[in-house]
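Engineer: Sharing a structure, written as structure tokens. Questions coming.
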Amino acid sequence: MKDPNLGWPHDTTSHSTRHRANQGIGFAFVQELAARMDPGDLVLLTGRDPQRVAEAVTRIDGVARVEGRVLDVTDPDAVAGMAAELGAVDIVISNAVGPLVPERPQSEQVDVFADVANRGAQYVLRSLGQIVRPGGRLIVVASSLGTLDHLPERLWSRFDGVSLAEVERAVEDWLRSVHDGTAAEQGWPEWINLPSKVAQVAAVRAVAAARHTEDLAAGTLVAAVCPGLVDTRASRPWFDDFSQAKSPAEAVVPIVDLILADRVDAAMYGELVRDGKVLPWK
């Protein structure tokens with residue numbers, strides 16, 4: 001079952017999406033932000049399940065205020081409605097993750113996975129990204145798998161130097177090819193996480209390219225970030241060795257450092273950043 005969740009502050013504001021807001025990286029983001037922000041700041045933790053949202057809010061121990069809201073990021077009208085309600089925010093963090101398990105064919109999981117990870121992130125970029133105040137932060141949590149070299153070179157033009165609308169069309173074309181059985185001959189990797197992550201980073205790059213000059217002049221940062229290998233329930237089925245993995249609480253610290261930094265490093269604008277360093281797109 002899809003259960004995408006979000007958490008974000010506003011005034012000094014951030015937004016994040018996760019499979020469940022009461023666990024993993026999404027919850028850790030809200031906890032870290034609430035601990036490091038001011039009493040007058042508001043952190044909104046959102047998700048589809050009212051009970052889970054309410055329970056997660058009670059477990060946050062921080063300085064800033066934390067409130068829970070019900071929101072499904074796969075519903076573009078709901079995301080647009082939330083943006084209209086908030087009016088202006090300072091930070092948006094999209095950390096959308098859909099369920100993916102190794103015991104089922106990936107073609108059977110691709111719709112739900114992409115609906116959350118790709119369409120959800122795209123709706124956040126389109127709607128909540130538009131209400132980020134000058135000097136704010138617009139962040140999408142992606143992966144080091146999101147660099148262009150994880151796709152065959154013949155597919156690079158679908159994601160390199162294109163608009164957000166073109167990224168969205170590429171995602172829909174990929175999904176259709178999976179269902180009609182032509183994905184392999186078109187060059188799409190069988191592991192659906194690869195096209196999905198590349199598309200996430202490409203979406204960030206497209207949005208950043210469209211607003212680059214204005215944002216840098218205002219000190220606004222648009223970027224994708226990679227938390228590295230994190231020990232979560234979602235990652236457990238896919239890896240055998242977690243000896244070098246971070247806990248969710250550890251993983252969000254360098255990302256929140258980037259978000260709350262006083263100055264924007266222009267070299268990171270529109271890029272994929274891991275532990276404070278830019279990962280080359282190509």
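The values are calculated or read from the model by the stated rules, or taken from the named source; none is laboratory data. Note that the structure is predicted; figures quoted are calculated from it, not measured. All Cβ positions, even for glycine, are placed from backbone atoms using ideal geometry, and neighbour counts span all protein chains on display.
Engineer: Please indicate, with yes or no, whether at least one residue in region 97-116 is of a type in the set (S, T, N, Q) and closer than 23 Å to Gln51 by Cα.
Structural biologist: no
Engineer: Next up: Could you run through region 97-132 and say how many residues are touching a Phe, Trp or Tyr at 6+ places or on another chain (Cβ under 6 Å) and without any contact (Cβ under 8 Å) to a residue 12 or more places away in the chain?
Structural biologist: Total satisfying the criteria: 0.
Engineer: Given (1) of a type in the set (Gly, Ala, Ser); (2) modelled with pLDDT of 95 or more; (3) under 18 Å from the mean Cα position of the chain (by Cα); (4) over 26 Å from Val112 (Cα atoms), identify the lone condition not met by Ala224.
Structural biologist: Of the numbered conditions (1) of a type in the set (Gly, Ala, Ser); (2) modelled with pLDDT of 95 or more; (3) under 18 Å from the mean Cα position of the chain (by Cα); (4) over 26 Å from Val112 (Cα atoms), the odd one out for Ala224 is (4).
Engineer: Here is a follow-up. Sort through Glu85, Glu103 and tell me the only one that's surrounded by fewer than 20 Cβ atoms within 10 Å (Cβ to Cβ), out of contact with any Ser or Thr (no Cβ under 7 Å at 6 or more places or on another chain) and modelled with pLDDT under 95.
Structural biologist: Of Glu85, Glu103, the one residue that is surrounded by fewer than 20 Cβ atoms within 10 Å (Cβ to Cβ), out of contact with any Ser or Thr (no Cβ under 7 Å at 6 or more places or on another chain) and modelled with pLDDT under 95 is Glu103.
Engineer: If you don't mind, there's one more thing I want to ask. Can you confirm whether Ser196 is of a type in the set (Gly, Ala, Ser), closer than 24 Å to Val101 by Cα, in a helix (DSSP H, G or I) and touching a residue at least 40 places away in the same chain (Cβ under 8 Å)?
Structural biologist: Yes: the conditions hold for Ser196.
Engineer: If you don't mind, another one. With the requirement that a residue be without any contact (Cβ under 8 Å) to a residue 60 or more places away in the chain, under 18 Å from Gly146 (Cα atoms) and not small (Gly, Ala, Ser), what does region 176-193 give you?
Structural biologist: Trp188, Pro189
Engineer: Also: Mind checking which residues of region 67-82 are crowded, with 21+ Cβ neighbours inside 10 Å and assigned to a helix (DSSP H, G or I)?
Structural biologist: If the condition is that a residue be crowded, with 21+ Cβ neighbours inside 10 Å and assigned to a helix (DSSP H, G or I), then Val79, Met82 are the ones that fit.
Engineer: Do we have Lys277 as basic (Lys, Arg) and without any contact (Cβ under 8 Å) to a residue 12 or more places away in the chain here?
Structural biologist: For Lys277, the condition - basic (Lys, Arg) and without any contact (Cβ under 8 Å) to a residue 12 or more places away in the chain - is met.
Engineer: What's the number of the condition Gly135 fails, among (1) on the phi < 0 side of the Ramachandran plot; (2) in contact (Cβ under 8 Å) with a residue 60 or more places away in the chain; (3) not aliphatic (A, V, I, L, M)?
Structural biologist: Checking Gly135 against (1) on the phi < 0 side of the Ramachandran plot; (2) in contact (Cβ under 8 Å) with a residue 60 or more places away in the chain; (3) not aliphatic (A, V, I, L, M), the one that fails is (1).
Engineer: Just to check your reading of the model, which residue among Leu229, Leu272, Leu260 is aliphatic (A, V, I, L, M) and modelled with pLDDT under 95?
Structural biologist: Leu229
Engineer: Let me ask something additional. Out of the residues in region 159-185 that are among the polar types (S, T, N, Q) and closer than 29 Å to Ala210 by Cα, which is surrounded by the most Cβ atoms within 10 Å (Cβ to Cβ)?
Structural biologist: Looking at residues that are among the polar types (S, T, N, Q) and closer than 29 Å to Ala210 by Cα, I get Ser177.
Engineer: Then there's this: Taking strands (runs of 3 or more DSSP E) that do not extend beyond region 212-281, which have at least 3 residues that are surrounded by 15 or more Cβ atoms within 10 Å (Cβ to Cβ)?
Structural biologist: So the answer is 221-226, 272-274.
Engineer: Any residue at all in region 163-181 that's touching a helix residue (DSSP H, G or I) at 6+ places or on another chain (Cβ under 7 Å) and either among the basic types (Lys, Arg) or not in a helix (DSSP H, G or I) (or both)?
Structural biologist: yes
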